[in-house]
Amino acid sequence: MSFLSRDNARQADEPALEIAAGARLIPRITIQAFCEHSQTAQLVESAVHDRRMSKVALTTHNGGLDGAVETYKSNPTPNLIIVETSLQPEQIPLALERLAEVCDASTRLIVLGHVNDVLLYRELIRSGVSEYIVLPASAQSIVSAISELFAAEGAAPIGRTIGFISAKGGAGGSTVSHNVAWAVSQTLRQDTLILDLDFAFGTAGLNFNQDPPHGIADAVGSNAKLDQTLLDRLASKAANHVNLLTAPVVLDRTFDFEEREFEQIVELSQKSTPVVILDIPHIWSAWVRHTIATIDEVIIVAEPDLANLRNAKNLSDTIKALRPAESEPLLVINKVGMPRRPEIAAAEFATSVECRLLGQIGFDAATFGTAANNGQMIAEVAANNRANEVFRAIGMHVTGRNAPEKSASRKPGLKLPSFMKKRA
């Protein structure tokens, strides 16, 4: 009896127009790891922090190959076994045969070894081992190996998820997210779905001049029976390639969501839409933390003042801790050049927040006000407005097309308080 061999066939097509695919979430599987050294156990356990592993149940044990053999003599085997071995290359195949005798045929095996030997690798793969990883390795390499085994089996690439959150109320996170979604849809000619997660005060409906009978509240209420067909019916078409799940915007009830309340909606959206934009409200709760931790990109939208800088710094530090193996949050500075307001220079703001600056959007009350009142995007009201270039650059960057252009010339600003510079 041998372990099921890997299927190297790639059935998934690449997304059109070079939009980078979102990470494939690993399904609900059980993984048991048997390690010989505590450092290896810590390495495997750290892989759980990767958002692709959010549904995985992983446990670690001592004993290596011998421990695994003894365990499965009287216990059922999980979907995946990870074993560490310090044996010499000629001894490993025989030891794995003993393990194979007590394992189910459908069980996958990843071997963590200390010998970098191409001949050994080829022999193990021929015998049915799913992957052989040479230590020391990174948690990301382990997750990638698991993802190749389970998430890629016949699964189409899932869309990219980009979340926008304001550092302070009124900073413009919703406006920026909607205009970036528009820029992506019109430039790449790809379907874009906007999820308005601000149930009480969401503006996606207003900004696109839409008042649909259904929206994201219906999707949340239908979680038990929600499927792709129902989700498509609940979404409203705002423009060519732009679809919305609008917020109900009601105050006659409160919305207290569970931590994983939006997980199914986001996953279903990714299966049918290349780009999913999440308009995240300026609140901090368990579901916001979880949602931010499980999407592809997080963009902080802030104004260039001290309160925004403090909040953006807190957000940046927290998001980095939530996503240790993922991309760091990005920064967009909005309402730059507001008359008679002292401002912090964009470069200094980004340095203090420790985020990459994607772009600066100038203060333009007339244009933005007209667009909001008309339920239109900036590109529809003023096609030549410089803000459109920023929205387009942000969209191209978060969809993996190209890096953003360098920001405009720096303007002098206020010096930061010393405590902000000292913060880690």
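So which of ILE295, ILE277 ends up being part of a loop (DSSP other than H, G, I, E, B) and touching a residue at least 40 places away in the same chain (Cβ under 8 Å)? Before you say what the answer is, go through the steps one by one.
On the way: ILE277 fails: part of a loop (DSSP other than H, G, I, E, B).
Among ILE295, ILE277, only ILE295 is part of a loop (DSSP other than H, G, I, E, B) and touching a residue at least 40 places away in the same chain (Cβ under 8 Å).
Mind checking which residues of segment 203-231 are open to solvent by 90 Å² or more (accessible area, probe 1.4 Å) and touching a helix residue (DSSP H, G or I) at 6+ places or on another chain (Cβ under 8 Å)? It would help to see each step written out before you state the result.
At the first step, the residues of segment 203-231 found to be open to solvent by 90 Å² or more (accessible area, probe 1.4 Å) are 206, 209, 211, 213, 224-225, 229.
Answer for segment 203-231, where residues must be open to solvent by 90 Å² or more (accessible area, probe 1.4 Å) and touching a helix residue (DSSP H, G or I) at 6+ places or on another chain (Cβ under 8 Å): LEU206, ASN209, ASP211.
Looking at segment 170-183, I want the residues that are among the aliphatic types (A, V, I, L, M) and have a partner that is surrounded by fewer than 24 Cβ atoms within 10 Å (Cβ to Cβ) with Cβ atoms under 6 Å, at least 6 apart or on another chain. Which pairs are those?
ALA183/ARG392
Could you list all residues from segment 370-413 that are modelled with pLDDT of 70 or more and of a type in the set (Asp, Glu)?
GLU380, GLU389, listed by residue number.
Exactly one of these conditions fails for GLY369: (1) under 20 Å from the mean Cα position of the chain (by Cα); (2) open to solvent by less than 50 Å² (accessible area, probe 1.4 Å). Give me its number.
Result: GLY369 passes all but (1).
Restricting to segment 293-340, give me the number of residues that are among the hydrophobic types (A, V, I, L, M, F, W, C), surrounded by fewer than 22 Cβ atoms within 10 Å (Cβ to Cβ) and more than 21 Å from GLY395 (Cα to Cα).
Result for segment 293-340: 6.
If we keep just the residues of segment 182-202 that are open to solvent by 30 Å² or more (accessible area, probe 1.4 Å) and in a loop (DSSP other than H, G, I, E, B), which is farthest from GLN270 (Cα to Cα)?
Residues of segment 182-202 that are open to solvent by 30 Å² or more (accessible area, probe 1.4 Å), as a first pass: 182, 186-187, 189, 191, 198, 201.
From the residues that got through so far, the ones that are in a loop (DSSP other than H, G, I, E, B) too are 189, 191, 198, 201.
Details: ARG189: 17, ASP191: 11, ASP198: 20, PHE201: 25 Å.
Among them, the one singled out is PHE201.
Mind checking which residues of segment 228-252 are among the small types (Gly, Ala, Ser) and outside any strand (DSSP E or B)?
ALA235, ALA247
Return the residues of segment 197-216 that are over 15 Å from ILE283 (Cα atoms) and hydrophobic (A, V, I, L, M, F, W, C); say none if nothing qualifies. Steps first, answer last, please.
At the first step, the residues of segment 197-216 found to be over 15 Å from ILE283 (Cα atoms) are 203-216.
Listed by number, the residues that qualify are ALA204, LEU206, PHE208, ILE216.
Of all residues in segment 84-94, which are touching a strand residue (DSSP E or B) at 6+ places or on another chain (Cβ under 7 Å) and of a type outside the set (Asp, Glu)?
THR85, ILE92
Condition first: within 22 Å of the chain's Cα centre (by Cα), over 19 Å from LYS55 (Cβ atoms), among the aliphatic types (A, V, I, L, M) and buried (at least 24 other Cβ atoms within 10 Å of the Cβ). Can you find one or more residues in segment 142-151 that meet it?
Keep residues of segment 142-151 that are within 22 Å of the chain's Cα centre (by Cα), which gives 142-151.
With over 19 Å from LYS55 (Cβ atoms) added as a condition, the list becomes none.
No, because not a single residue in segment 142-151 is within 22 Å of the chain's Cα centre (by Cα), over 19 Å from LYS55 (Cβ atoms), among the aliphatic types (A, V, I, L, M) and buried (at least 24 other Cβ atoms within 10 Å of the Cβ).
Just to be sure before I move on: is PHE419 in a helix (DSSP H, G or I), open to solvent by 40 Å² or more (accessible area, probe 1.4 Å) and at pLDDT below 90 in the structure I sent?
Working: in a helix (DSSP H, G or I): yes; open to solvent by 40 Å² or more (accessible area, probe 1.4 Å): yes; at pLDDT below 90: yes.
For PHE419, the condition - in a helix (DSSP H, G or I), open to solvent by 40 Å² or more (accessible area, probe 1.4 Å) and at pLDDT below 90 - is met.
For THR399, all conditions in the list (1) surrounded by fewer than 17 Cβ atoms within 10 Å (Cβ to Cβ); (2) β-branched (Val, Ile, Thr); (3) in contact with a strand residue (DSSP E or B) (Cβ under 9 Å, 6 or more places away or on another chain) hold save one; what is the number of the exception?
Only one criterion is unmet by THR399, namely (1).
Every residue in segment 247-279 that is open to solvent by less than 10 Å² (accessible area, probe 1.4 Å) and within 23 Å of GLY170 (Cβ to Cβ), please. Spell out the reasoning first.
Residues of segment 247-279 open to solvent by less than 10 Å² (accessible area, probe 1.4 Å): 262, 265, 269, 275-279.
ILE277, LEU278, ASP279 - these are the residues of segment 247-279 that are open to solvent by less than 10 Å² (accessible area, probe 1.4 Å) and within 23 Å of GLY170 (Cβ to Cβ).
Going by the conditions given, is ARG51 without any contact (Cβ under 8 Å) to a residue 40 or more places away in the chain and not hydrophobic (A, V, I, L, M, F, W, C)? Steps first, answer last, please.
Working: without any contact (Cβ under 8 Å) to a residue 40 or more places away in the chain: no; not hydrophobic (A, V, I, L, M, F, W, C): yes.
Against the criterion (without any contact (Cβ under 8 Å) to a residue 40 or more places away in the chain and not hydrophobic (A, V, I, L, M, F, W, C)), ARG51 does not qualify.
Examine segment 15-31 for a residue that is polar (S, T, N, Q), open to solvent by 50 Å² or more (accessible area, probe 1.4 Å) and modelled with pLDDT of 80 or more, and state whether such a residue exists. Quick ask: steps written out before the conclusion?
Of the residues in segment 15-31, the ones polar (S, T, N, Q) are 30.
Those still in the list that are open to solvent by 50 Å² or more (accessible area, probe 1.4 Å) too: 30.
Now restrict to residues that are modelled with pLDDT of 80 or more: 30.
Yes, there is a match, as at least one residue in segment 15-31 is polar (S, T, N, Q), open to solvent by 50 Å² or more (accessible area, probe 1.4 Å) and modelled with pLDDT of 80 or more.
The values are calculated or read from the model by the stated rules, or taken from the named source; none is laboratory data. Quick caveat, the model's predicted, so the values are computed rather than measured. In this analysis, Cβ positions are derived from the backbone assuming ideal geometry, glycine residues included, and neighbour counts consider all displayed protein chains. Note: areas computed on protein heavy atoms with side chains; ligands, DNA, RNA excluded. Shrake-Rupley method; radii C 1.70, N 1.55, O 1.52, S 1.80 Å.
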